[in-house]
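Every read-out reported here was derived from the displayed coordinates using simple, explicitly stated rules and does not represent laboratory data. All figures in this text were calculated on a predicted structure; none of them were measured in a lab. Note that we place each Cβ from the backbone using ideal geometry, even for glycine, and neighbour counts take in every protein chain shown.
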Amino acid sequence: MKKHIILLVLFLHSIIQTNAQSGGITGKITDEKGEPVIGALVKVLMGGLAKGATQSDEDGNYIIKPLAPGNSYELEVRYINYKTHKTTGIIVIPDKNTKVDVQLELDNSKSLKTVTVKTYKKPLVSDREVRTAEEIEKLPTRSTNAVVSTTAGVYQRNDNGAVNLGGARNDGTAYIIDGVRAYGSRGTNLSQSSVDQIQVAPQAAYKSRQQQAYYNPSNESYKKDPENDFKTVKASPLSTMGVDVDRASYSNVRRFINAGQTPPADAVRIEEMVNYFDYNYPQPKDDKPIAIVTELTTCPWNAKHKLLHIGMQAVTVSTANLPPSNLVFLVDVSGSMDEPNKLPLVKQALMMLINQLREEDKVSIVVYAGNAGLVLESTPGNQKNKIRAAIDRLEAGGSTAGGAGIKLAYKIAVDNFVHGGNNRVILATDGDFNVGVSGDNELEELIVKERAKGVYLTCLGYGMGNYKDSKMEVLADKGNGNYSYIDNADEAEKTLVKEFGGTLFTVAKDVKSQIEFNPAKVQAYRLVGYENRLLNTEDFEDDKKDAGDMGSGHTVTILYEIIPTGIESDEVRHTPYLKYQNGSYPTALDYKNINNGNEVATIKFRYKKPNGSVSKEMVHVIGDDTKDINSASENTRFASSVAMFGMLLKNSQYKGNCNYEKVLQLANKSRSFDKDGYRAEFISLVKKVKKGGTEVAGLFEEE
């Protein structure tokens, strides 16, 4: 016995020593001019697997820890328009941070070449009209779209004849910007005579603009949905919802946290944060498009309650077996898109996407600003150079006729419709529609009408400061599509390359969930998140009622917080006497006599095939087999840690005894299924908030 105790003590001592000796990797990311790079994705890998991830801060600094000493690590740094940098053979020193500074090299193959879109009514944009500084003096006073290229940058007259400064990257490649701006810094309109006196602003000016946009989100819009509260089972035994696969909230929240800023509470949609991550659910069997798994555990934020975890896995279809695609890229090229993290990032994302296309796929490009127009006619997916050239020539300026753009995009999609294929409009915008059809109701009616023709909508959101999340979410929901927020090049790759099938190919549409709780086991329940996906009870069997869609390989996770029968709780409200329901509800004992006493709930799912109109139903019974949360599957542990993080960020009234340490404990125990490092990056975000870099809902804790 003594021997066993000694061995146990030695084992625990070795664990403590290992943790104490763990070190990290830190450093600074700069560009080719030595200026700090903000928001670069930094990963630490060992044997091809991510061991940590973060983004560089406003000064270009990063740190990833803890890392076990003595191992050989690889550092990977990625940033838009720069070559991926890799440093290998990094040995971490015990109890210290190994410093690795990185200077990124510009990727000239991705440099931005600009073109002025003379009119959006032409089938293809023409080459930019370029003139010298001297020639601009001879232009008519009210000449518009006249562009001047000098060593300082690119200039353009407005309707009043004044010359506006265009932003120029430090490598000399320039792009036109609406108003006076270089790397996002604002100034005043220039006179004709002073055009040669302007110098390109250094990246520091962009840094200042970036910080301004991060710290002043007052023009961003988010829909306010009150949190779901507890429902008493006797009064509301059924919970019905449309399944949601949108993931935009997590990457948007990440953008705020990496900038050291509080995410608006309404920007935190817990279900989208949970569903951002993939889970190790089994693939469907028996030719069904969806598999269902459930797990019942203790609730990590309230010891008296239980947590019901429901996981759904859509069938994964290989790219080679996917049906042909008819894709219409609808690109916002208005003035509000003239920021480095908007149109340039859109172009890079679309470049990534076209690499996935095959000969049988087709691509068109529609742009909109003051008007809308066709930039690229429907082109086979194997003509990549032609598609790349059209994307490369896009540049921004003008107002935002989003409604006109959507109308034209749907027309092009219908004109090139592929029967039995994937017909989809891919909208890339900051959501700032201000000309033409712009009201939510008008846009909803337009998109609902077009989706009936079999054309779906995917929304890719970009930018900050004036971002219209509420509008983007509505468009995607009504368009039978999905919604992602692209905050960096890695997110573009995740959405359009790694999750190509799930983003663009629907395997089940109008997916609905309805769960019936057994009052013998459950007093009350609360759906965690999904506030904007609730349906009426009778909507479940109504095939005319629209719901969510699932793409190839998608996973969906649903969490319910449950108050077991017999537990005293202020959340269990009194159920009134109902005169016409047999005088009263049956007692819990009566339910035990009627139902299987070990059943907590029965969950049903309905779905339609992508081209179908009649739904099919799946049924899954949930037994009362409760596990301790610490002994639960990694899927449940990690999903619950993300849900807790979301509740803390929202300062939810239902957060119970949530704290960041609990979030980290569960997340750190759930990292074996993390080949791309997304869970490691999540842990890094939680640590940033826990450390107290900014104040989120007054809940920051000091380490």
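Values for this structure:
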| read-out | value |
| --- | --- |
| Beta bridges per DSSP with both ends in segment 226-372, % antiparallel, nearest 5 | 60 percent |
| For segment 553-569, 3J(HN,Hα) per residue [Karplus equation, 6.51 cos²θ - 1.76 cosθ + 1.60, θ = phi - 60°, Hz, x = Gly/Pro] | x, 5, 10, 10, 10, 10, 10, 10, 8, 10, 9, x, 4, x, 8, 6, 7 |
| Pairs beyond 20 Å (Cα-Cα), from 99/675; 285/521; 99/690; 347/453; 362/453; 96/669 | 99/675; 285/521; 99/690; 347/453; 96/669 |
| Ratio of Rg to Rh over segment 21-106 (Cα coordinates, Kirkwood Rh, two decimals) | 0.96 |
| Of 106, 41, 22, farthest towards positive along the dipole that unit charges on Lys, Arg, Asp, Glu beta carbons give segment 21-106 | 22 |
| Reach of residue 51 by Cα under 13 Å, taken over aspartates and glutamates that are not fewer than 8 positions away in the same chain | 74, 76, 674, 676, 681 |
| Estimated distance in nm for a label pair at residue 602 and residue 665, the labels positioned 7 Å out from Cα along Cα-to-Cβ | 3.8 nm |
| Antiparallel bridges, percent of DSSP beta bridges restricted to segment 322-486 (to nearest 5) | 20 percent |
| Highest average packing first - 89-95, 231-237, Cβ atoms within 10 Å | 231-237, 89-95 |
| Whole-Hz ³J(HN,Hα) from phi, Karplus 6.51 cos²θ - 1.76 cosθ + 1.60, for segment 335-350, glycine and proline x | x, 5, 8, 8, 9, x, 9, 10, 4, x, 6, 4, 4, 5, 4, 5 |
| Shape call, segment 322-486: gyration tensor on alpha carbons, a/c limit 1.5 | oblate |
| For segment 593-691, alpha-carbon Rg and Dmax in angstrom | 18.2, 53 |
| Amide hydrogen neighbours beyond the local backbone of residue 364, cut-off 5 Å, H modeled | 327, 328, 329, 379 |
| Ordering of 377-384, 557-564 by packing [mean C-beta count within 10 Å, highest first] | 557-564, 377-384 |
| Relative contact order (%) - criterion: Cα under 8 Å, at least six apart; region: segment 272-375 | 22 percent |
| Rounded to the nearest 20 debye, dipole of segment 322-486 from Cβ charges on Lys, Arg, Asp, Glu | 460 debye |
| Pairwise FRET efficiency - residue 318 versus residue 611, Cβ, R0 = 30 Å, nearest 0.05 | 0.90 |
| Cα→Cβ-extended label distance, 7 Å offset, between residue 86 and residue 453, nm | 4.6 nm |
| For peptides 322-328, 286-292, 568-574, sequence by mean Cβ density within 10 Å, most packed first | 322-328, 286-292, 568-574 |
